[in-house]
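Heads up, the thing below is written out as structure tokens.
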Amino acid sequence: MRRYWQKKPLLIRQAIPDIVAPLARDELFELADLDDVESRLITHFRNAWNLEHGPFAPDELPPVKKREWTLLVQGVNLHHDRAHALINRFRFIPDARLDDLMISYATDGGGVGPHFDSYDVFLLQVHGKRRWRFGAQRDLSLKPGLPLKVLQHFEAEEEWVLEPGDMLYLPPHIAHDGIAEGECMTASIGFRAPSSHELTAQFLYHLAERAEEASEDSRGHARYRDPAQEPVASPAALPARLIERVGAILATVNWNEKDIAEFLGTYLSEPKANVVFDAPERALNAQKFVDRAKKIGVRLDRKTILLYDARSYFVNGEAQALSSTLKKWLPELADTRFLEAKRFVTLTDESSMTALLHEWYRAGWILLGALP
């Protein structure tokens, strides 16, 4: 982290020795056929780039023996335990920054063209070989008229072939191009890097929502007034007094560190739009849930995002106060994503804990049993 993170590329040979792809090829194809999974098909047939968005039925994908096509499947960690276990190995980076695990399947010669990302990425080879060329070039102009962001003047400075278990870390804006040498699969572990514009817009929206919720007093419902307004001869002109008055109203908008933390916690724990939680078909009642958890423990669902700070916890976009009772166990659950049976037993005197976890269980946010 001191030497390379957001500074320069790093190749780690056999970062994960004897690695096995989290999904077989056919399993990945099945995943790309689901409505709640984001997938893309990129082809480079006859030297022409083409991009299609999924879902893809099995017969909509090109034959695996055909060269130069790539299937990208996002958020694989949300749907398969092995992929989720793999991305968990990268939790030396805060969860608030960790985004998802994408798997790129490519036939011989397949790739997405020379490009750059605006975020950090770990490129872990999990099957076959891929040749990576990359460099810290300054010219990041793109080829016009293409469905992909392909660099117009790509100049590689280094070139490495990655085999299963090898991993390449690239900081933001490092130009790179990966070409499959034979059939291959690459796991990309990406990180959230929202732009200043995105953060500003979302924070102001957050403030507006909170202001609306808190506007029960007369000040919140007070409307604009202009009792001193005089008749005008130019009705289309924007009144200077209106600008001044609204400016005074906006000047009263303020925020503090607590507001910023609450915004970040809810914003960064909000599941993506295509995420769907599966509630248990036959949910246990509260007592049976507790009895079962005492024997096998509980774990967070793959899709659940649980964050916390000194004052609050944030789960799947919701913010709640972190009471002294919750501090006994919630940070532990968030950090380890699991409460073993013995630990659960020691906490069962806290009725608020069992009630909250049973509520999350009924919503599909937590599951009974140990981590896979």
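State whether the residues of segment 324-333 include one that is touching a residue at least 12 places away in the same chain (Cβ under 8 Å), part of a helix (DSSP H, G or I), over 18 Å from G265 (Cβ atoms) and among the polar types (S, T, N, Q). Taking every residue of segment 324-333 in turn, none turns out to be touching a residue at least 12 places away in the same chain (Cβ under 8 Å), part of a helix (DSSP H, G or I), over 18 Å from G265 (Cβ atoms) and among the polar types (S, T, N, Q). Here the helices (runs of 4 or more DSSP H) wholly within segment 149-266 that include at least 2 residues being among the hydrophobic types (A, V, I, L, M, F, W, C) and within 20 Å of the chain's Cα centre (by Cα) are 196-213. The condition (being outside any loop (DSSP other than H, G, I, E, B), touching a Pro at 6+ places or on another chain (Cβ under 9 Å) and at negative phi) is satisfied by just one residue among D35, D26: D26.
Residues that are among the aromatic types (F, W, Y), assigned to a helix (DSSP H, G or I) and out of contact with any helix residue (DSSP H, G or I) (no Cβ under 7 Å at 6 or more places or on another chain) within segment 334-372 comprise just one, W360. For beta carbons closer than 8 Å, sequence separation of 6+ or different chains, a first residue in segment 148-159 that is on the phi > 0 side of the Ramachandran plot and in contact (Cβ under 8 Å) with a residue 40 or more places away in the chain and a second that is of a type outside the set (V, I, T) and surrounded by 13 or more Cβ atoms within 10 Å (Cβ to Cβ), there are no qualifying pairs. Here is the figure for segment 195-240: residues that are surrounded by 10 or more Cβ atoms within 10 Å (Cβ to Cβ), farther than 20 Å from K258 by Cβ and at pLDDT 90 or above total 3.
Listed here are the residues, each with its yes/no results for (1) within 22 Å of I179 (Cα to Cα); (2) buried (at least 17 other Cβ atoms within 10 Å of the Cβ); (3) of a type in the set (S, T, N, Q); (4) touching a helix residue (DSSP H, G or I) at 6+ places or on another chain (Cβ under 6 Å).
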residue	(1), (2), (3), (4)
A85	no, no, no, no
I93	no, no, no, no
S104	yes, yes, yes, no
G110	yes, yes, no, no
S118	yes, no, yes, no
F122	yes, yes, no, no
R130	yes, yes, no, no
F134	yes, yes, no, no
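Residues considered: A106, A83. Of these, the only one that is touching a Cys at 6+ places or on another chain (Cβ under 7 Å) and not basic (K, R) is A106. Considering segment 327-372, and only residues there that are among the acidic types (D, E) and either under 13 Å from Y313 (Cβ atoms) or within 22 Å of the chain's Cα centre (by Cα) (or both), the residue that is surrounded by the most Cβ atoms within 10 Å (Cβ to Cβ) turns out to be E332.
The values are calculated or read from the model by the stated rules, or taken from the named source; none is laboratory data. Keep in mind that this is a model prediction, so the values were computed, not measured. Neighbour counts are summed over all protein chains in view; Cβ atoms, including those assigned to glycine, are modelled from backbone coordinates with ideal geometry.
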